[in-house]
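Have a look at the structure below before the remarks.
The values are calculated or read from the model by the stated rules, or taken from the named source; none is laboratory data. Note that the structure is predicted; figures quoted are calculated from it, not measured. So basically every Cβ, Gly included, is an ideal-geometry build from the backbone, and we count neighbours across all protein chains shown.
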Amino acid sequence: MIDREGPIPPYQQIAAALRKRIEAGEIPPGRRIPSLVEMEQEFGVARDTLRKAVQVLKDERLVETVSGMGIYVVQHSEDGGVPGAS
């Protein structure tokens, strides 16, 4: 699934794959995304690569870390924003 020889870095490919799952509703708002261990097995890359991919999604405000719980898809409010964000 990851093209290591292509022009797109692996972390961006992983971020795109996760983004696609989120947008398709496969990982709905409020649901935890796979753990780093699970993604490490699925994508066959180092955890640092996965952390970079997750950071891309955090920067896009698609996911957030819940301390001690994992990384969850953000629930957006009706106006398209993140609840509680200003």
- Note on the structure: If we keep only residues of segment 52-80 that are surrounded by 12 or more Cβ atoms within 10 Å (Cβ to Cβ) and either assigned to a loop (DSSP other than H, G, I, E, B) or among the aromatic types (Phe, Trp, Tyr) (or both), then the residue modelled with the lowest pLDDT is 76
- Message: For segment 35-56, which positions are touching a Phe, Trp or Tyr at 6+ places or on another chain (Cβ under 6 Å), of a type outside the set (A, V, I, L, M) and in contact (Cβ under 8 Å) with a residue 40 or more places away in the chain?
- Response: 52
- Item | Subset of segment 57-75 that is over 12 Å from residue 22 (Cα atoms) and of a type in the set (S, T, N, Q) - its residue that is farthest from the chain's Cα centre (by Cα) | 67
- Answer yes or no: is there a residue in segment 29-41 that is assigned to a strand (DSSP E or B) and of a type outside the set (Phe, Trp, Tyr). yes
- segment 4-28, subset part of a helix (DSSP H, G or I) and β-branched (Val, Ile, Thr), residue surrounded by the most Cβ atoms within 10 Å (Cβ to Cβ): 14
